[in-house]
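A short write-up of the structure that comes next.
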Amino acid sequence: MKLIDLEKYQIVVFGTETTDDDLTSLLEIYREEDLVYIPLEGTSTTVLSADRFLVKNHDRSFINHMMWEGLLSETEQEEYMRERADSFFHTGRQMIIEDYDFQIDEVFYDYSK
């Protein structure tokens, strides 16, 4: 679990290794309205409030979404998460991720031709 501490709120980025106990202990330290959750591989946890997730369908893989967006480096991924979390924190609008498994070698039609 990685905590990105920003001035007004914290972004909680976590993977499948994060347990419900880890998340519960986080809630003992921070107010939930000051947290934005980003589960990288998706999650089905019921410990956290569904309205604090960046992604409405938070069982989907955010990693696949970022690969689809072409964000491959760690720096690009963190910058994207910060931008999306900032938008969510100020507007309250959650993202929706398409149910798609990204394949790096998949052929795409070039619409520019």
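No value in this document is a laboratory result; all are computed from the given coordinates. The model shown is predicted, which means the values in this text are computed figures rather than measured ones. Here the Cβ is made from the backbone with ideal geometry for all residues, glycine too, and neighbour counts use every protein chain on show.
Results, tabulated for the structure shown:
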{"read-out": "DSSP bridge orientation in the chain - percent antiparallel, rounded to nearest 5", "value": "35 percent"}
{"read-out": "Formal net charge of residues neighbouring E83 (Cβ-Cβ distance under 12 Å; K, R +1; D, E -1)", "value": "-3"}
{"read-out": "Sorted by Cβ density within 10 Å, fewest first, the residues I97, I29, I4", "value": "I29, I4, I97"}
{"read-out": "Built amide H within the under 5 Å cut-off of F53, gap 5+", "value": "Y37"}
{"read-out": "Cα Rg, Dmax (largest Cα-Cα span) when computed across the range 2-91, Å", "value": "12.4, 36"}
{"read-out": "Cα centroid separation, the range 8-35 to the range 40-95 (Å)", "value": "14 Å"}
{"read-out": "Ranked list, fewest to most other Cβ atoms within 10 Å of each Cβ, for K2, K8", "value": "K8, K2"}
{"read-out": "Among 75-83, 60-68, the order from most to least packed when residues are scored by Cβ within 10 Å on average", "value": "60-68, 75-83"}
{"read-out": "Estimated 222 nm signal from helices in the chain, with DSSP H stretches of n ≥ 4 weighted -39500 (n - 2.57), rounded to 500", "value": "-9500 deg cm²/dmol"}
